[in-house]
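Asks: Quick one: the structure is below, and I'll ask about it shortly.
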Amino acid sequence: MDHNRYGLDGLPLACRQANTDPVTGLPLPRIPQAGASDQIGNPYVLPTVLGGMAIFLIVFAVQSGILG
């Protein structure tokens, strides 16, 4: 028996489903999927990131001599 091609349960690695552990053959835990209404996210992240980017661009333009 070639140990590089078989798992601990004796089955060939290629015969298993994609959601199983390649060594033990046990099914992997499922990741819970969020519903469409749960994917709204934090409403403050995008404005904070955009504000930080704008401040960075203004400071960069002033420090490099493009503005001012």
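Asks: How many residues does segment 28-48 hold that are at pLDDT below 65 and on the phi > 0 side of the Ramachandran plot?
Replies: 0
Asks: Here's another thing I want to ask about it. Looking at segment 11-27, is at least one residue modelled with pLDDT of 70 or more, part of a helix (DSSP H, G or I) and surrounded by 10 or more Cβ atoms within 10 Å (Cβ to Cβ)?
Replies: There is no residue in segment 11-27 that is modelled with pLDDT of 70 or more, part of a helix (DSSP H, G or I) and surrounded by 10 or more Cβ atoms within 10 Å (Cβ to Cβ).
The values are calculated or read from the model by the stated rules, or taken from the named source; none is laboratory data. What you see is a predicted model, and the numbers here were worked out from it, not measured in a lab. Positions of Cβ are backbone-derived with ideal geometry, glycine not excepted, and every protein chain shown enters the neighbour counts.
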